[in-house]
1. Can you say whether PHE434 is at pLDDT 85 or above and either touching a strand residue (DSSP E or B) at 6+ places or on another chain (Cβ under 8 Å) or assigned by TED's automatic domain parsing to the domain that holds ARG195 (or both), as far as the supplied structure shows?
2. Report, by residue number, each residue of the stretch 230-249 that is surrounded by fewer than 13 Cβ atoms within 10 Å (Cβ to Cβ) and not polar (S, T, N, Q).
3. Just to verify a result, which residue in the stretch 53-85, among those that are in contact (Cβ under 8 Å) with a residue 60 or more places away in the chain and of a type in the set (Val, Ile, Thr), is surrounded by the fewest Cβ atoms within 10 Å (Cβ to Cβ)?
4. Suppose we filter the stretch 524-558 for residues that are in a loop (DSSP other than H, G, I, E, B) and not small (Gly, Ala, Ser); how many remain?
5. Taking the condition in a strand (DSSP E or B) and either among the basic types (Lys, Arg) or within 21 Å of CYS610 (Cα to Cα) (or both), does ILE667 pass?
6. Can you name the residue in the stretch 60-85 that is closer than 13 Å to ILE156 by Cα and in a helix (DSSP H, G or I) and is also farthest from the ligand (Cβ to nearest atom) among such residues?
7. For the stretch 86-134, enumerate the residues that are surrounded by fewer than 23 Cβ atoms within 10 Å (Cβ to Cβ), assigned to a loop (DSSP other than H, G, I, E, B), at pLDDT 85 or above and in contact with a helix residue (DSSP H, G or I) (Cβ under 7 Å, 6 or more places away or on another chain).
8. For the stretch 208-229, state whether one or more residues are acidic (Asp, Glu), crowded, with 19+ Cβ neighbours inside 10 Å and at pLDDT 90 or above.
Amino acid sequence: MPTPIKQNEEKNQGNDIKSLDPNELFQKFLSKVKSYIKNEEALANIEKAYNYAHTKHGDQKRASGAPYIIHPIAVAEVLSELHVDVASLIAALLHDVVEDTGTGIEEIKAEFGETIADLVDGLTKLAKIEFRSSQERMAENFRKMILAMARDLRVIIIKLADRLHNMRTLESLPSLKRRRIAQETLDIYAPLAGRLGIYHMRSELEDLCLKETKNEVYKEIARNIAAKKKERETYIKEVKEILENELRKYGFKNAKVYGRPKHFFSIYKKMLDRQLAFKDIHDLFAFRILVDNVRDCYEVVGIVHAMWKPMPGRFKDYIAMPKPNFYQSLHTTVIRPNGSPAEIQIRTHDMHKVCEYGIAAHWAYKEKATPGNGSTDLEKFAWLRQIMELQHDVKDPNEFLAAIKVDLFDEEIFVFTPQGDVHPLPLRATPLDFAFAVHTDVGLSSVGAKVNGRITPLRGKLQSGDIVEILTSPNQHPSKDWLNFVVTTKARNKIRSFLRAEERTKSKEIGKEILEDELEKKHLNLNKLISNRQVEQLYKAAKEGTLDDLFVVIGYGKINVPELIEKVFPEHTLPQTKEIKAPSHVPKSTGSGVLVSGLDNILVTFGRCCNPLPGEDIFGFITRGRGVSVHRTDCPRALDLDPVRRVKVSWTDTTRRVALHRVHLRIITLDRQGVLAEITMAISKCGANIQKAQVKVSNDGKGILLFEITVKDLEHLTSVMKAIASVPDTILVDRQS
Ligand code: MN
């Protein structure tokens, strides 16, 4: 049994100071390693890696001024607490050598072998990834990370330890950088640690992020918890004793009870979710009971429920239905008479090991074990495999990102077929998601569902434990609307590919008509061109593989047909006697200030749904006959638009921004005389035009002003909003669309 990992109250904070002696730190780390690795050769290799890294980093310093080598030692130490294998420890010691000292990966390979070189190489590549800037880059970086994970999951475990130590020692960095790192950690690495089952690491990362990003809240929680230290200790001791006595009475001599306050971030989330102040949060404590076997777990939960009233809806059986990361436990929340609610987790000692080490348990060092290779173990992680498949299937970066967020970071619910088969689904899944999980054909022909025997629409929300029966009809076909409420990637992809096939058929018909019309204008006949095989020249000139493909791209409006015909059959050009009219589906120049695939002569309209402004991230969507419609990358409609018809667009430089853009603003003010006039003045002073204005007074006597104004670009809008906000008695200014 490995030594239990320390709770997160001691965070080794501030150990990154100049006075620390690397050799001393290394010895401390080595003694931890020796507690579970006895093999002399392995220990010698670890020492060799340390000396190598120490020499390579030389007198490099961290931002704090401490010797750089302290960082890799600390990362390795975090990992030793997870009892990872020798290769991971060595790779941790070497993880910044290639990145920071210009050493070649070949040299690492020669010195330490291929496995370690691969791990270091993976970490070097991950070090270059930053999860910010545009959605597209972010999705691309996600892809890279997933690939690194797929090759060898140890890379990610080491990366998490690296991030943990960097978070623990943030204070020497400039505040902007600190916030960026904390936000990235909160968005990506903390959920990943949770998904990999390394829960104590997730908690610590989250708390460190909270301290950085919401320092006031962090301090408030810390202050409150510290103020009640005595009370808290008494409470934990009391509950622990009652539980222990009761369990002993029933003969559970080996049962161990632990109590602790919940971590800060989970308290913060609860305050946020339920809009509560700290003083209104009562379940601040969590208790854990460890027993010998599964039967004992269920018996113990029975005893607990007989003693204290369970809170309805809070009992969760992750033993019968383990989480995808193999987490197993029973969870319940009970209310003591005149006491606050307490969360109680009950599991076996073995299950607990999995909770503490998570995925790392799979690489836990075992004497005589052959060094593990990531790929075989990967097979066990269904969710990771799904993401791997996804990254082949989904080419659109925004869609990929959205799917990852659902698949990687959301909690599961478990739903049953009437036959008792269980399907794990993400939170907020609908009966339609369930239908697609059962079988694609069931999904495609769903008309409704019975949830626990009651008729429920396909868009309803499922709960864990629901029994779902899907009603189907052979006449049913997926509709676009379905995309608005399904949450699983599988359902979304299947619906979309059905709609795409349908749309392709339609586009083919339209494209064929357009081509026939245009050919006719030049006295050419499509059927003739087909029979004498000249049609090949047409679709080859358009770089399409078949005539059908050509029809489709014409139907989508992606091709200038007269130009194509002119290029292939120039001798058929008629003398230009008639007025030249651009065909309706050929976009023309508008000076909209947007480049479509680098061209500025394409007809462009702006999505009414999001009214993009110059300076914002945008994408284009090819409409039929109306040119390209431009949306903000974060437009809620963006995901529903067919990715096949998506095109890259960009703003032209400022000097060419001639068009004015409509924006809706909502302003809330105190109801004071003259405030409207002052705001109107502020807007005009900034050079923006007011198109429409509406004024209301709310029940609590506040003024609500709705303005439609036109601005030049994002910068312009920002200056207008600033000017409004500086008018006295303005409470809030926000952009509606
Ligand atoms: Mn590092």
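1. Criteria met by PHE434.
2. LYS230, GLU231, GLU233, LYS237, GLU241, ARG248, LYS249
3. If we take residues in the stretch 53-85 being in contact (Cβ under 8 Å) with a residue 60 or more places away in the chain and of a type in the set (Val, Ile, Thr), then VAL78 is surrounded by the fewest Cβ atoms within 10 Å (Cβ to Cβ).
4. Count: 10.
5. Values: in a strand (DSSP E or B): yes; either among the basic types (Lys, Arg) or within 21 Å of CYS610 (Cα to Cα) (or both): yes.
Taking the combined requirement at face value, the residue satisfies it.
6. Looking only at the stretch 60-85, we keep the residues that are closer than 13 Å to ILE156 by Cα, and these are 75, 79, 84.
From what's left, in a helix (DSSP H, G or I): 75, 79.
Details: VAL75: 6, LEU79: 12 Å.
Ranking the candidates gives LEU79 first.
7. Matches in the stretch 86-134: THR103 only.
8. From the stretch 208-229, those acidic (Asp, Glu) are 212, 216, 220; that's our starting set.
Cutting the leftovers down to crowded, with 19+ Cβ neighbours inside 10 Å gives us 212.
If we keep only those that are at pLDDT 90 or above as well, we get 212.
Yes, the stretch 208-229 has at least one match.
The values are calculated or read from the model by the stated rules, or taken from the named source; none is laboratory data. Not measured: the values here are computed from a predicted model. Reconstructed Cβ throughout: ideal geometry from the backbone, glycine too, with neighbour counts over all protein chains shown.
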